[in-house]
Structures are given as structure tokens and as C-alpha cells.
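First the structure, in the form of C-alpha cells, and then the observations on it.
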Amino acid sequence: NVSLSINGIQYEVPSNLTVLEAARTVGIDIPTLCFLKDINEVGACRVCVVEVEGARALQASCVLPVRDGMVVNTNNTRVRKARKNTVELLLANHNRECTTCVRSKNCELQSLSEELSIRTIPFEGEKRIPSFDDLSPSIVRDSSKCILCGRCVSACKNVQGIGILEFLNRGFKTTVGPAFEMSMRDVPCIYCGQCMVTCPVGALTEKSAIHKVWEVLEDKSKHVIVQSAPAVRAALGEEFGYPIGTNVTGKLATALRRLGFAKIFDTNWAADVTIMEEGTELLDRIQNGGVLPMITSCSPGWVRYIEFQYPELLPHLSTCKSPQNMFGALAKSYYAEKHGIDPKDIVVVSVMPCTSKKSEIVRPELEVDGNRDVDISITTRELALMIKEARLEFDKLEDGTFDPFMGNYTGAGLIFGATGGVMEAAIRTVADVLTGEDLENVDYTAVRGVEGIKEATINVAGMDIKVAVAHNTTNAGILLEKIKNGEADYHFIEVMACPGGCVNGGGQPIQPANVRNVIDIRAERAKALYSEDASKEVRKSHKNPEIKKLYDEYLGKPNSHKAHELLHTHFVA
Ligand code: HC0
Ligand code: SF4
């Protein structure tokens with residue numbers, strides 16, 4: 001421990017803290033802007049400055065280690081003035097059209113200027129020439145809102161190991177974007193959106209498709225059905241003031257119904273289908289000398305990553321489409337036939353925690369007979385906006401349920417939304433298939449949690465199945481290097497592009513840095529899924545009665561000819 005004085009009071013604090021953290025332990029909240037724990041610790045924006053006795057200049061507290069005998073002042077006129085000046089300078093240069101910004105009321109610059117009582121901008125800065133890019137299917141970049149905090153640059157480089165975004169130009173002309181200010185469409189961006197959820201302002205946002213959903217909902221000639229991804233229910237509540245980690249499955253179903261969808265279905269159901277297809281593919285590859293390790297192919301950001309960075313390893317990807325697209329393909333075939341609806345009249349909307357899903361749905365190889373599997377994909381955030389536009393009082397909605405036929409799901413389908421979930425779901429089924437039993441233990445905790453790479457060897461029916469799980473593309477890259485060097489003797493690998501898996505996807509509610517710095521939102525949201533899983537009567541995909549019916553009535557068996565036509569694809573570089 002060290003002893004230091006903060007604002008005239010002596011405190012004992014652990015010696016490994018920064019001044020920012022030390023102040024927080026004694027109930028003093030120093031404002032920050034560029035600081036994002038473990039991701040962007042650069043001390044660049046100078047909003048967190050404090051006065052330290054003996055130092056002439058004010059110090060950035062986010063990168064300043066505590067010292068014994070230190071005398072710190074976090075709140076005097078000099079400090080307050082400096083912080084205010086810094087934010088005023090940012091605002092002078094900022095596109096302040098807050099009323100029409102999608103981040104209004106969830107903007108860290110806006111909150112800061114309110115907390116620092118900024119009422120006027122004393123100088124009108126010369127404005128940079130802004131650049132605007134909405135050519136990609138997923139991301140909109142508006143440099144007029146950018147405050148050069150560098151959080152997106154660090155998220156892309158340090159978390160995802162990619163480095164699409166960088167500081168460009170110098171001095172007054174400095175901006176952030178892809179090299180040469182190319183469009184996000186034309187660079188190897190995987191559309192994971194981790195830059196968006198770390199952006200404190202409205203400089204990086206999803207490409208909204210809300211207007212398209214409203215339009216089809218009002219088109220009487222269309223039969224509009226919706227599927228909601230596993231991770232949506234783990235985070236949607238945050239947009240309505242619920243604590244992080246609250247599961248809102250029931251209210252989600254009711255909200256979707258009230259918005260006017262003809263049927264409320266669930267991507268979890270299709271996740272159960274995926275387990276049938278992927279589990280069968282895995283056993284086939286193991287038993288018949290196929291390419292191993294087999295790697296999951298359901299996270300579209302991850303698929304883009306391997307396509308761009310390691311195209312020679314594409315044969316390792318499972319040929320399964322993602323649950324999102326399996327759902328769409330079955331909606332326009334199985335569901336359409338059973339209900340006598342022309343697939344051309346069916347519109348499939350997906351609600352996803354993901355911005356990359358917007359690009360997955362337009363992949364040409366995922367069409368069946370010229371029909372797109374999924375027509376419109378919106379994020380959890382966009383769904384929240386629709387609920388607000390419709391002026392539904394979310395907290396007052398009764399708990400509803402998803403519709404039968406493609407809406408009943410097992411605990412296995414549900415946990416897809418957290419890193420390790422696809423693996424655990426697959427093992428639950430593969431273990432039963434190999435032993436021919438209905439195994440009681442379904443909790444494979446070795447593959448749960450937020451550790452970057454998890455490994456496990458599972459012994460079933462005398463066979464050792466070696467698995468690995470990676471989340472975020474830096475960790476995925478480490479496993480791919482191992483495969484390349486012949487050092488990976490795994491049978492099966494799960495990869496999710498986002499840190500923590502889909503619960504922390506680029507389309508999820510955005511939590512400000514002061515929350516992210518102290519709460520592991522990945523772990524909290526995952527808990528919401530694992531607790532619903534534990535409460536489910538059926539927790540294995542192959543035990544889902546609706547899935548049994550699907551195979552009995554329609555597909556035959558997993559990996560059948562028909563299943564291949566609808567549910568599998570090929571990834572080519
Ligand atoms: Fe996921 Fe999915 S689990 S990628 O993270 O596999 O987005 O939630 O919908 O498709 O099911 C996202 C989440 C999905 C898909 C499923 C998979
Ligand atoms: Fe980087 Fe992902 Fe953002 Fe693309 S979407 S710039 S890959 S963080």
C-alpha cells in the first residue's frame with residue numbers, strides 16, 4: 001500500500017493503482033474521455049487531469065501511478081478550468097447537431113459537457129473538412145463527429161488485431177479512418193463493430209435498416225416474420241434502464257409482437273438446427289478423414305477475418321451456414337410450404353447483436369433459388385429504437401413467448417450467444433450420439449468464461465475429443481497460426497469475432513467507458529444466458545421436439561441432400 005493525499009485528506013491505497021483508480025476507491029470520480037481500460041490507456045485527451053504537488057504541469061490521472069507521499073488535487077479552479085477548456089476546444093470543432101444524432105443521450109462528450117457545466121462555446125473553431133462514408137453494408141463513419149480519442153483505433157488494433165482504423169494526416173487536419181480515407185467497404189474490415197461500441201460519440205454508427213422494417217410491416221402483401229438472436233435478450237433491457245445482465249426474453253417476445261410481425265420466431269431454434277448439422281459434420285470429418293480441426297462458421301465477422309487473413313485455411317471452416325441464415329432458408333422453404341405461403345411474399349427480419357450480420361445477409365452464395373435467406377437485419381440497438389418510436393412502455397410489457405414451429409428452443413441454442421456456447425451445445429449432442437445415452441451432465445464449464453483461448457479434452461465413449469474456443473480475432477489468429485504450423489491437434493474449434501462472443505457484439509447497447517472500466521459486461525450478459533439455460537427443461541438441441549419434427553417431416557436426417565441444399569454453403573477465397 002501507499003499513502004497519499006487527495007484533496008487534503010490522507011488515504012491508504014494499493015500501490016498498483018493509477019491516480020484515477022485510487023480516487024475512485026475513495027469515491028471521487030475523475031472524468032475521462034479517451035481512457036478505456038485495457039484497450040486505450042494513452043492519456044491523450046487530458047480530460048482526466050489532476051494537480052500533483054511538485055509537478056508544474058497538470059497530469060493525466062489515467063496513466064499516472066500512485067506514489068507514497070503524493071499530494072493530489074482533483075478539484076480546484078485550475079483543474080476544473082483545464083478540463084473545461086479541453087472539452088470546449090473539442091466542442092468548437094465538433095458537429096454539434098446533437099438533436100439528430102443517433103448517440104444523443106448516450107454520448108460521452110455530451111455528458112461531459114453537461115457535467116462540466118459548459119454553457120457556451122467561447123470560440124468558434126475552424127471546422128475540419130468532414131468525410132462521410134456509408135458505402136459498407138454495416139458501418140457509417142462520420143468524421144465531423146470524431147474527437148480523435150483513439151478508442152476505435154485501439155479496439156481494432158489491440159483487441160481485434162486488425163488495424164483498419166488509424167490516425168491520418170497531421171495537426172489540424174488529423175482525422176481517423178482507414179488508410180487514404182478509403183471506404184470501410186473497400187478495406188479488409190470485418191464489420192465486427194467493436195470500433196462502434198467503443199466510440200464515445202456518433203462518429204461510428206451502424207447502417208440503420210429501421211426504415212426498411214417499418215416499410216415492410218405496413219405492406220399488406222408481405223408476410224413479415226422475425227427471428228431474434230440468442231444474445232439480444234441478454235442486453236436489450238439495458239436500453240430501457242435495466243441492469244446489465246438482465247434477461248428480458250419475455251418482454252422481447254411481446255415487444256416484437258406489438259411491433260406487428262406476423263410470427264415471432266427465434267434464432268435459438270435455428271441454433272439447435274445448426275448443432276444437428278455441425279455435430280454430424282464433425283463426426284463425419286473425424287470418422288472419415290475430413291479436414292480437421294473443423295472450425296465454426298457462424299460468426300460473420302470471423303468468416304470475413306479468415307477470408308481476408310488466412311484464405312488457405314478456409315477448408316477448416318464448417319460448411320454450415322450460420323443459424324441466422326439457416327433460419328431464413330428454412331423460413332422460405334419449410335415454413336412457406338407448411339403454411340402455403342409463396343416464399344417471395346415472406347420477408348425475414350433478423351434482430352442481431354451484430355453489425356456484421358448486415359453484410360452476411362447480402363452474401364450472394366447464401367441465396368437459395370434467387371431468394372435471400374434473410375431480407376433485413378437490424379441490431380439490438382435498432383430494435384430498441386423501434387420500440388421507442390412505437391412508444392411501447394417496455395417495462396410495462398407482460399412476458400410473452402415466441403411462436404411455435406420455429407420458436408421453441410433448448411438451452412443449447414440459447415448459450416450460442418456467449419463465447420464457448422456453441423462448443424458446449426455441440427458437445428451436449430455429440431456426447432449423446434457417441435454414447436447412445438441421454439447423459440445427465442450437460443454443464444461443460446471448461447469452455448465457459450472470458451479467458452481468451454480455452455482448451456479442453458472431452459472423453460466420450462472411449463474417444464478423446466480435443467476442442468478449443470477463441471473469442472476476438474486476435475485470439476482466433478493465434479489458433480490459426482498454430483494450425484498453419486501443424487501444432488493444433490484439435491478436432492473442433494469455436495471462434496466468435498467479438499470479445500466475449502455475441503453478447504458483446506458490435507450491435508449491442510453501448511455502455512460508456514465509466515461503466516465498461518469497472519464492469520465486465522461480457523461476463524454479466526453471459527450470465528443472463530446461462531441462467532436461462534439452467535432453467536430450461538430441454539437443454540440439448542437433438543431433444544428439441546420441433547427439431548425432431550423438422551427432420552422427420554422435411555429434411556430427413558442431418559447432412560441429407562436437402563439439408564445440404566438449404567443449410568450448407570462453401571467458403572471460397
Ligand atoms: Fe450470434 Fe449466432 S450466436 S452468431 O453470436 O452461431 O450475431 O446472439 O445469432 O447466426 O444462433 C450473433 C448471437 C447469432 C448466428 C446464433 C451463431
Ligand atoms: Fe476494425 Fe471491426 Fe471496426 Fe472494422 S468493424 S474497423 S474490423 S473494429
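The values are calculated or read from the model by the stated rules, or taken from the named source; none is laboratory data. Note that the structure is predicted; figures quoted are calculated from it, not measured. Neighbour counts are summed over all protein chains in view; Cβ atoms, including those assigned to glycine, are modelled from backbone coordinates with ideal geometry.
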Of (1) within 12 Å of ligand 2 (Cβ to nearest atom); (2) outside any helix (DSSP H, G or I); (3) aliphatic (A, V, I, L, M), Ile129 fails just (1)
Going through region 111-142 one residue at a time, which ones are of a type in the set (S, T, N, Q) and crowded, with 20+ Cβ neighbours inside 10 Å? Ser113, Ser138
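Which of the following residues is surrounded by fewer than 23 Cβ atoms within 10 Å (Cβ to Cβ), away from ligand 1 (no atom under 16 Å from the Cβ) and of a type outside the set (A, V, I, L, M): Gly177, Gly171? Let's see the steps before the verdict.
Numbers: Gly177 fails: surrounded by fewer than 23 Cβ atoms within 10 Å (Cβ to Cβ).
Unique residue meeting the criteria: Gly171.
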I need the full set of residues from region 283-308 which are buried (at least 23 other Cβ atoms within 10 Å of the Cβ) and under 22 Å from Ile415 (Cα atoms), in order please. Met294, Ile295, Thr296, Ser297, Cys298, Ser299, Pro300, Gly301, Trp302, Val303
Subset of region 1-25 (residues that are assigned to a strand (DSSP E or B) and in contact with a strand residue (DSSP E or B) (Cβ under 7 Å, 6 or more places away or on another chain)): Val2, Ser3, Leu4, Ser5, Ile6, Gln10, Tyr11, Glu12, Val13, Thr18
Mind checking whether some residue in region 360-370 is touching a helix residue (DSSP H, G or I) at 6+ places or on another chain (Cβ under 6 Å), within 16 Å of ligand 2 (Cβ to nearest atom), on the phi < 0 side of the Ramachandran plot and part of a helix (DSSP H, G or I)? yes
Region 444-560: strands (runs of 3 or more DSSP E) wholly inside it with 2 or more residues that are under 14 Å from Ile415 (Cα atoms) and at pLDDT 95 or above are 492-496
Could you tell me whether any residue of region 429-441 is surrounded by 19 or more Cβ atoms within 10 Å (Cβ to Cβ), in a strand (DSSP E or B) and out of contact with any Asp or Glu (no Cβ under 9 Å at 6 or more places or on another chain)? no
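Mind checking whether some residue in region 472-492 is at positive phi, out of contact with any helix residue (DSSP H, G or I) (no Cβ under 8 Å at 6 or more places or on another chain) and surrounded by fewer than 21 Cβ atoms within 10 Å (Cβ to Cβ)?
Kept after step one, since they are at positive phi, are these residues of region 472-492: 472, 486.
Keeping just the survivors that are out of contact with any helix residue (DSSP H, G or I) (no Cβ under 8 Å at 6 or more places or on another chain) gives 486.
Filter once more, keeping what is surrounded by fewer than 21 Cβ atoms within 10 Å (Cβ to Cβ): 486.
Scanning region 472-492 turns up at least one residue that is at positive phi, out of contact with any helix residue (DSSP H, G or I) (no Cβ under 8 Å at 6 or more places or on another chain) and surrounded by fewer than 21 Cβ atoms within 10 Å (Cβ to Cβ).
Yes/no per residue for (1) more than 16 Å from the chain's Cα centre (by Cα); (2) surrounded by 24 or more Cβ atoms within 10 Å (Cβ to Cβ); (3) touching a residue at least 12 places away in the same chain (Cβ under 8 Å):
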| position | (1), (2), (3) |
| --- | --- |
| Ser154 | yes, no, yes |
| Val159 | no, no, yes |
| Pro200 | yes, yes, yes |
| His223 | yes, no, yes |
| Val226 | yes, yes, yes |
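If I filter region 243-250 for residues that are assigned to a helix (DSSP H, G or I), more than 15 Å from ligand 1 (Cβ to nearest atom) and over 30 Å from Asn95 (Cα atoms), do I get at least one hit? Outline the logic, then answer.
Kept after step one, since they are assigned to a helix (DSSP H, G or I), are these residues of region 243-250: 249-250.
Filter once more, keeping what is more than 15 Å from ligand 1 (Cβ to nearest atom): 250.
Restricting the remaining residues to those that are over 30 Å from Asn95 (Cα atoms) gives 250.
The answer is yes, given that some residue of region 243-250 is assigned to a helix (DSSP H, G or I), more than 15 Å from ligand 1 (Cβ to nearest atom) and over 30 Å from Asn95 (Cα atoms).
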Consider Phe172 against the criteria (1) more than 14 Å from ligand 2 (Cβ to nearest atom); (2) in contact with a strand residue (DSSP E or B) (Cβ under 8 Å, 6 or more places away or on another chain); (3) of a type outside the set (Gly, Ala, Ser): it satisfies all of them except one. Which criterion is unmet? (2)
Pick from Val347, Val351: which is within 17 Å of Gly506 (Cβ to Cβ), among the β-branched types (Val, Ile, Thr) and surrounded by 24 or more Cβ atoms within 10 Å (Cβ to Cβ)? Val351
Residues in region 312-321: is at least one of a type in the set (Asp, Glu), within 26 Å of Ala426 (Cα to Cα) and not in a helix (DSSP H, G or I)? no
Applying the selection to region 256-281, what residues are surrounded by fewer than 24 Cβ atoms within 10 Å (Cβ to Cβ) and of a type outside the set (D, E, K, R)? Leu259, Gly260, Phe261, Ala262, Ile264, Thr280
Enumerate the strands (runs of 3 or more DSSP E) found wholly within region 153-214, keeping only those where 1 or more residues are closer than 26 Å to Thr100 by Cα and in contact with a helix residue (DSSP H, G or I) (Cβ under 9 Å, 6 or more places away or on another chain). 175-177, 204-206
